[in-house]
Amino acid sequence: MKPVRFDYKRPATIDEACGLLVSDDNARILAGGQSLIPMLSMRLSRPSLLVDIAHIPELTSLVETETHIEIGAMVRQANARASAMVKVHLPLLFKALAFVGHPPTRARGTIGGSIAHADPSAEIALVAATLGAEIVYRVGGADEIFDASSFFIGPMLTLAPPAGCLTKLCFTKAPAICGTGFHEVAPRKSDYALASAAAQINAEVGLGVTGIYLGVGSVGDFPEPLDVDGLIGTSLDDAVIGDVVHAAMEAVETVEDLHASAAYRKRVATELAIRALRDARDEISKDLNQ
Ligand SMILES: Cc1cc2nc3c(=O)[nH]c(=O)nc-3n(C[C@H](O)[C@H](O)[C@H](O)COP(=O)(O)OP(=O)(O)OC[C@H]3O[C@@H](n4cnc5c(N)ncnc54)[C@H](O)[C@@H]3O)c2cc1C
């Protein structure tokens, strides 16, 4: 099946892209095309104008500031995974990127496209929601900033402004002592996950644990950050982690589909969340005890 007929534009700047989006309310942004092109071919998406943002230099930058790493929307997933800046300062994202699709899809797929597409199984969206990254959209010449932990509101549904172009994600840099864990279950390696969990524990010598982040994905309509602050100040032993995760997962609504039951997703996500937190704990224990 072939896509419906569409016009194609290749803007050179973000504002030019936004101008094109305003000019046609049935316009769609084309980034890496790994989700949009199949949808066009199956006519699940029928835009009258495709705005190809691959040639806007500003969108391909990876920038380190004193406190943050800013990832341009058009940064390819493979390039983010290969970046020393991401590996050192965003260890949880670095780990999760290895689970996103396959090498050929990561070579084209972008960081911004994964967020804008908002698949409930997207690993990048799970990490962004778990860590509360900032999502920046340009619309009508101004920037709008969203907190990733509340940006996703349904399957493929977000708070994105109409005619807006996602320009970058801003993640807080991980501290020197930081442990992470990422786990998922999928029918085959690199398939979309049936359940996934991401965890990060921040710590400081003399202060101990200063922050704990946990989120689950592919179990509900969107990635879900969980409140596990109750773990701060505890021994973080297996029993305490188990209790707090089970309590946090009680409030999570899981979905049923052809691939897995809601009960299966809840059970597996709970186990993966416990494993992810244990991995993160074990990583910081080494640093804190040195
Ligand atoms: C075989 C295969 C396996 C895959 N497995 C996984 C997987 O395991 N995990 C996973 O997370 N993903 C997976 N994907 C999807 C992949 O990660 C896509 O790259 C991603 O979902 C979309 O990013 P893209 O850059 O390709 O965007 P596109 O496909 O170009 O666009 C996707 C959507 O986002 C919109 N969009 C894109 N960029 C912007 C922007 N800057 N501003 C506003 N809107 C924008 C588009 O208009 C479109 O609606 C897989 C894809 C394939 C083909």
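What to note about this one:
- Nearest-ten-degree value, helix 238-250 long axis tilted from longest Cα axis of the chain: 40
- Length gained when the stretch Ser235-Lys173 is fully extended (0.36 nm per residue, less Cα-Cα span): 19.8 nm
- What separates the Cα centres of the range 16-42 and the range 171-213 is a distance of 32 Å.
- Accessible area per residue for the chain is 46 Å², calculated with a 1.4 Å probe on protein heavy atoms, without ligands, DNA or RNA.
- Treating r as the C-beta distance of Ser285 and Lys189 and R0 as 41 Å, the FRET efficiency rounds to 0.90.
- Value at 222 nm in deg cm²/dmol, rounded to 500, when DSSP H runs of n ≥ 4 in the chain each add -39,500 (n - 2.57): -10000 deg cm²/dmol
- Entry note, the range 7-52: relative contact order of 57 percent, from Cα contacts under 8 Å with a spacing of 6+ residues.
- The chain: angle of helix 14-23 to the longest principal axis, Cα-based, in degrees nearest 10: 60
- Part-to-part distance (alpha-carbon centres) for the range 64-110 and the range 263-285, which is given in Å: 22
- With 26 Å as the limit on Cα-Cα distance, the pairs of Lys168/Lys266; Lys173/Lys286; Lys87/Lys286; Lys95/Lys173; Lys168/Lys189 that go past it are Lys168/Lys266; Lys168/Lys189.
- Hydrodynamic analysis of the range 57-172 uses the Kirkwood radius over alpha carbon pairs. Inserted into Stokes-Einstein at 10 °C and 1.306 mPa s, it gives a translational diffusion coefficient of 114 µm²/s.
- The alpha carbon radius of gyration of the chain, expressed as a multiple of 2.2 N^0.38 Å, is 1.02.
- Between Asp227 and Ile153, the FRET efficiency from the beta-carbon distance, with R0 = 25 Å, is close to 0.85.
The values are calculated or read from the model by the stated rules, or taken from the named source; none is laboratory data. Note that the structure is a prediction, hence the values are computed from the model and not measured. Reconstructed Cβ throughout: ideal geometry from the backbone, glycine too, with neighbour counts over all protein chains shown. Ligands, DNA and RNA are excluded from the accessible area calculation, which covers all protein heavy atoms including side chains. Shrake-Rupley method; radii C 1.70, N 1.55, O 1.52, S 1.80 Å.
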